[in-house]
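Below you'll find the structure, written out as structure tokens, and then a few comments.
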Amino acid sequence: MAFKAVIFDLDGTLADTLEDIADTMNRALAANGFPTHSYDAYRFFVGNGLKNLVAKSLPEAARTKTAIKDCHAQVVADYAQHYINKTRLYDGIPALLDCLSQAGFKMAVLSNKADAITQKICGDLLQRWHFAAILGASERFPRKPNPQAALFLVAEMGVAPAEVLYLGDSDVDMHTATAAGFYPVGVGWGFRPVEELLNSGARKIIQHPMELFEAS
């Protein structure tokens, strides 16, 4: 069956958001007297929302409910002001979105980042292109890898799950795509290693955005 739609993860797939996230988290850690982490370390902390990021970033002995709640509030407030300092679309993504649009593919974004900040980032970086829907994490749906939000996007686009390519950079993304009945494509330029993607069900790995057309 020919593919008719593409659903994208945001962080590590469309946009390189890692340094802004890491800088925000490190500022909160330093302000509370905790050790900070390298950018590379954050590649394995992100992917399940800011609250989980905070829990993973804090020293194990400091991961109390109160500490996580307080630090999370600091991170949310800081990130809302500094989310776009270094964040950018990956090389090749604008050309891919141009080609997909011209070819008539329907497109959507599904992120585990909070919906409000997902909308802000996409509004800043993706305004040139039409997306049928952009969804971040909210109380409407469980977070990925639960497929409910992904299947909502399918209904919004008016396509069948088997007609969807899902592009992501983590095990969470590959599990989401598999659970929803999409064709899971892993990206080699994202935050996580290729081995993680293959072990989590990726049917194809691409190293440059335009290689997606070889899968479609």
Query raised in the report: For residue 101 and residue 3, what does the FRET efficiency come to when R0 = 22 Å and r is the distance between their Cβ atoms, rounded to the nearest 0.05?
Result: 0.90
Query - Amide H contacts under 5 Å for residue 114, placed H, 5+ residues apart - result: 50, 137
Report summary line: Relative to the chain, whose Cα atoms define the longest principal axis, helix 93-102 and its Cα axis are tilted in degrees, nearest 10, by 30 degrees
Query - Dipole magnitude of the chain, debye to nearest 20 (Cβ charges: Lys/Arg +1, Asp/Glu -1, about Cα centre) - result: 500 debye
Query raised in the report: Two-decimal Rg/Rh of the chain from alpha-carbon positions, Kirkwood Rh?
Result: 0.97
Requested in this report: Rounded to the nearest 500, what is the 222 nm mean residue ellipticity of the chain from helices alone, with -39500 (n - 2.57) per DSSP H run of 4+ residues and division by all residues?
Outcome: -12500 deg cm²/dmol
Query raised in the report: So how do 43, 192 line up by other beta-carbon neighbours within 10 Å, fewest first?
Result: 43, 192
Report task. In a Gaussian network model over the chain where Cα atoms closer than 10 Å are linked, find which of 144, 51, 113 has the largest mean-square fluctuation. Result -> 51
**Report entry** Least to most buried among 159, 194 (fewest other Cβ within 10 Å first)
**Finding:** 194, 159
Query raised in the report: If we count other beta carbons within 10 Å of each Cβ, what is the order of 203, 88, fewest first?
Result: 88, 203
Query raised in the report: How long is the gain from residue 119 to residue 189 if the chain were fully straight, where each residue apart is worth 0.36 nm and the alpha carbon distance is subtracted?
Result: 22.9 nm
Requested in this report: Scan around residue 204 for amide H atoms under 5 Å from its own, H built in the peptide plane at 1.01 Å from N, and keep only partners 5 or more places away or cross-chain.
Outcome: 186
Query raised in the report: Length gain on complete extension for the stretch residue 213 to residue 81, per 0.36 nm per residue less the alpha carbon to alpha carbon distance?
Result: 43.9 nm
Report summary line: GNM of the chain, Cα pairs under 10 angstrom: of 170, 111, 38, the biggest fluctuation goes to 38
Report summary line: So for region 18-82, using the alpha carbon gyration tensor with a ≥ b ≥ c as root eigenvalues (a/c under 1.5 gives rounded; past that, a/b versus b/c decides prolate or oblate), I'd call it rounded
Query raised in the report: Projected onto the charge dipole of the chain (+1 at Lys/Arg Cβ, -1 at Asp/Glu Cβ, origin at the Cα centre), which of 18, 76, 178 gives the Cα projection farthest towards the positive end?
Result: 76
Report task. Take the Cα coordinates of region 136-203, assign each an equal point scatterer, and use the Debye formula without solvent to give log10 I(q)/I(0) at q = 0.27 Å⁻¹. Result -> -1.14
Report summary line: Expected max-MSF residue from 169, 16, 124 in the GNM of the chain (alpha carbon, under 10 Å) is 124
Report summary line: What the Cα atoms of region 85-172 span along the principal axes, largest first and in whole Å, is 33, 30, 22
Query raised in the report: When the dipole is taken about the Cα centre of region 18-82, and only Lys, Arg (+1) and Asp, Glu (-1) are charged at their Cβ, what size is it in debye, to the nearest 20?
Result: 320 debye
Requested in this report: Given a cut-off of 26 Å, name the pairs among 106/204; 86/120; 56/113; 56/86; 65/86; 56/204 whose C-alpha atoms lie farther apart than that in the structure shown.
Outcome: 65/86; 56/204
Query - Calculated FRET value between residue 127 and residue 32, using beta carbons and R₀ = 30 Å, to 0.05 - result: 0.25
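Taken together, the values in this text are just the output of simple stated rules run on the coordinates, not laboratory data. Note that this is a predicted model, so its numbers are computed, not measured. Reconstructed Cβ throughout: ideal geometry from the backbone, glycine too, with neighbour counts over all protein chains shown.
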